[in-house]
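Enquirer: Starting off with a structure, shown below.
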């Protein structure tokens, strides 16, 4: 049986699933979305918090582009907030949806916060995390 790559399973795969989920949910017309009793801005913050968290770890554990590791928080925030901007523009073409600057701000703050948390966890639990992932 083939050995399971834990970095893929616990870092890359959650990022892929979450990013696809964001795209699918923001592509749905507003009348097809489930009603949630939470502020729209909190939803944006949480979605991009998780994206920033896993994107930071993905960039940290990837080996193809080592230069991306030099300013990992900055790179993570640029990628996530760039995607957030494209996502807001994309919503202009989805029935019942709109693009809002404050949504992008919530996305941006979520990405920064998620990336910083990933950085803190990584620094605090570096040895344990790498042993678990068998890096």
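Enquirer: With labels modelled as points extended 7 Å from the Cα through the Cβ direction, what inter-label distance (nm, one decimal) is found for residue 69 paired with residue 113?
Expert: 2.9 nm
Enquirer: Within 10 Å of each residue's Cβ, count the other Cβ atoms and sort 50, 105 from fewest upward.
Expert: Neighbour counts put them in this order, fewest first: 105, 50.
Enquirer: Between residue 23 and residue 46, what is the label-to-label distance in nm when each label sits 7 Å out along the Cα-to-Cβ direction?
Expert: 2.3 nm
Enquirer: Something else about it: Could you calculate the FRET efficiency of residue 128 with residue 16 from 1/(1 + (r/R0)^6), where r is the beta carbon distance between them and R0 is 30 Å, rounded to 0.05?
Expert: Between residue 128 and residue 16 the formula returns 0.80.
Enquirer: Also, quick follow-up: With springs only between Cα atoms under 10 Å, which of 27, 39, 98 fluctuates most in a Gaussian network model of the chain?
Expert: 39
Any read-out appearing in this document is the output of simple, stated calculations on the displayed coordinates, not a laboratory observation. What you see is a predicted model; the values in this text were computed from it and never measured. Counting neighbours? That spans all protein chains shown, and the Cβs are built from the backbone with ideal geometry, glycine included.
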